[in-house]
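The structure appears below as structure tokens.
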Amino acid sequence: MWKLSSGYGSDDTELTFRLSTPTFVNVALDTESSQRPLRADARRNREAILKAARAVFSARGREAHLGDVARRAKVGMGTVYRHFPDKDALLEALAREQFELLTVWAREALEAPDPGPALEALLWRGAELQAKDRALMEAVAEFKPGVAQQSSELHACMETLLTRAQATGHIRADATGEDIRLMMCGLGSVMQMSGDGWRRYLTVMLDGMRA
């Protein structure tokens, strides 16, 4: 059973809370979706937790301890768990933020006059983001259902951009949005195995997609 503690930085507390299976769960666990608006101090704590978690998990991925997040955010473990019931819920919140950023970039790409280069630039931009963020890299590599749900608008934008790029003759006619999704999932796996080797992987994949 979980034992909430008001302190932070305790290894025993961290071991007590640590999850046995680091898989992603439904994003509905994130208390951001709670019906009641957060008080100002609670909102500040939540923002501090997310900022700290972004730094900790970007560097160490899911293996990072929630105690590290609490220490960096200067809050107690109980405060962390009042906002995020477990580590997976916190990781989902972080992944959602990054997918929202990718979606903004995809909307911008749709405004570009030349869709082919815009599509390639978007994929490179997204890959760079993955490479700097281990938590996102692992989320994309595993492609859990919760991540897929929150990336639906991103996929829709990519499909539109792909269709436009094919219409201009830049991308081969038989390429599909599923090809791009699988390519980016594979990219996350390559990043975990071969460091900077993902750049060659993406270059080869894009070469294969061109008409």
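Things worth noting here:
- Neighbours of Ser58 by Cβ distance under 10 Å: Lys/Arg scored +1, Asp/Glu scored -1, total +3.
- Packing around the peptides 41-49, 70-78, taken as the average count of other Cβ atoms within 10 Å per residue, puts them in this order, highest first: 70-78, 41-49.
- For the pair segment 102-132 and segment 167-193, the centres of their Cα atoms are 13 angstrom apart.
- Geometric extent, Cα atoms of segment 41-197 - Rg, Dmax (angstrom): 17.3, 56
Each reported figure results from applying straightforward, stated rules to the coordinates on display, with no laboratory input. Being a predicted model, the structure only gives us computed values, none of them experimental. Cβ coordinates were reconstructed from backbone atoms using ideal geometry, including for glycine residues, and neighbour counts include every protein chain displayed.
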